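J.: Next up is a structure, given as structure tokens.
Laboratory data are not the source of any read-out in this text; all were calculated from the coordinates shown. Everything numeric here is computed off the predicted structure, so don't read it as measured data. No Cβ is skipped: glycine too gets one built from the backbone with ideal geometry, and neighbour counts run over all protein chains shown.
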Amino acid sequence: MDVIGIGVVGDYRDDNETHRATGAAIQHAAESRGWATEVTWIATPDVEGTAGQTLAPFHALWIAPGSPYRSMQGALDAIAYARTRDVPLLGTCGGFQHVIIEFARNVLGITDAQHAETDPAASRLLIGALACSLVGRVMEVDLVEGSAARRAYGAAATTERYYCRFGLNPAYVEPLVRGGLAISGTDQDGEARIVELPGRQFFVATLFVPQTSSARGAPHPLIGVYLAAAHRRVAALA
């Protein structure tokens, strides 16, 4: 049986609930399909400047929660690697935030795009502090028709759990969308909660943390579709 290699880019902490849930959620999705997976955590400093070598063995990447990362550049390098090589990618919470920063810097040319968590005084804050923290909140997300996210859920809306205090600065929604980054999930106020790159095997990032809603026998649908894209890549590379 082929083994699906998943590289989780982040700085693992055993006391982080979202970190512990990540490997378990991948296993739930794999078990439901009879697939074998190998999940490897890769510390962000180990990716900085070496993405082409460090990440090459994996069939898909996951950009984990838990920012600020030990190396922000390492996380951005991993995202750029997946984006430019069409490697299936899922980013959650901090992963969502850094997908936006990487896209702004490397696609839109906003080279000074920053994150308020790491540089609150920056002039180009693509990711800013939310007016109201979402830590611990469970909220409905409306899914855009025709998007990969909606196809994954098979529904027009879902309810998800958050762990974050930072989100997309609404002032940058228009240039991001014009540049090709689709907003495929929004909250009740129209704020971006899922972004994706259309036309890819799988390139989706969520501000919420789907892995904490997964269970054995009831894998999260978004993670299931992500793993299916990784499984297709196994076959393509065989």
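J.: On the Cα set of the chain, report Rg and Dmax in Å, please.
T.: Looking at the chain, its Cα Rg and Dmax stand at 16.3, 51 Å.
J.: How far, in nm, would the chain grow between Ala218 and Arg137 when pulled straight, counting 0.36 nm per residue and subtracting the alpha carbon separation? Don't skip to the end; give the middle numbers.
T.: Working: separation 81, 0.36 × 81 = 29.16 nm, distance 2.12 nm.
Contour length minus the Cα-Cα distance gives 27.0 nm.
J.: Against the empirical 2.2 N^0.38 Å scaling, what ratio does the C-alpha Rg of region 1-134 come to? Before the final figure, lay out each step's value.
T.: Values: Rg = 15.2 Å, N = 134, 2.2 N^0.38 = 14.1 Å.
In units of the 2.2 N^0.38 Å rule of thumb, it is 1.07.
J.: Using only DSSP helix segments of four residues or longer, with each worth -39500 (n - 2.57), what per-residue ellipticity at 222 nm results for the chain after dividing by its residue count and rounding to 500? Don't skip to the answer; put the middle values down first.
T.: On the way: 7 runs with 77 residues, N = 238.
Computed ellipticity for the chain at 222 nm equals -10000 deg cm²/dmol.
J.: Give the long-range amide H neighbours of Ile42: residues separated by 5 or more places, or on another chain, with amide H under 5 Å away, using H modelled in the peptide plane at 1.01 Å from N.
T.: Residues meeting the amide H criterion: Val8, Val9, Gly10.
J.: Given the options Glu174, Glu160, Glu38, state which has the largest fluctuation in a GNM of the chain using a 10 Å cut-off (strictly under) for Cα springs.
T.: Glu174
J.: Can you give the relative contact order of the chain as a percent, counting alpha carbon pairs under 8 Å and 6+ residues apart? Please report the intermediate quantities before stating the final value.
T.: Numbers: 504 pairs, mean separation 53.3, N = 238.
Once normalised by length, the contact order is 22 percent.
J.: What does the convex hull of the Cα atoms come to per residue for region 105-230, in Å³? Show your work: numbers first, answer last.
T.: On the way: hull volume 15.5 nm³, N = 126.
About 123 Å³ per residue, rounded to a whole number.
J.: Treating only the Cβ atoms of Lys and Arg (+1) and Asp and Glu (-1) as charged, compute the dipole magnitude of region 3-237 about its Cα centre; round to the nearest 20 debye.
T.: 500 debye
J.: Also, I was wondering about something else. By how many nm would the segment from Arg33 to Val3 grow when fully extended, if each residue of separation counts as 0.36 nm and the alpha-carbon distance is taken off? Could you put the intermediate results ahead of the total?
T.: Numbers: separation 30, 0.36 × 30 = 10.80 nm, distance 1.26 nm.
Computed gain between Arg33 and Val3 is 9.5 nm.
J.: Please work out how much length the chain gains when fully extended from Ala171 to Arg13, using 0.36 nm per residue of separation minus the C-alpha to C-alpha distance, in nm with one decimal. It would help to have the intermediate numbers written out before the result.
T.: Details: separation 158, 0.36 × 158 = 56.88 nm, distance 3.34 nm.
Taking 0.36 nm per residue and subtracting the Cα distance, the gain is 53.5 nm.
J.: What net charge is computed for the residues neighbouring Arg200, neighbours being all others with C-beta under 11 Å from the C-beta of Arg200, Lys and Arg scored +1, Asp and Glu -1?
T.: Net local charge, Arg200 excluded: 0.
J.: Hey, with R₀ at 35 Å, roughly what FRET efficiency would Ala56 and Asp189 work out to, going by the Cβ-Cβ distance, to 0.05? Show your work: numbers first, answer last.
T.: Working: r = 41 Å, r/R0 = 1.17.
Calculated transfer efficiency: 0.30.
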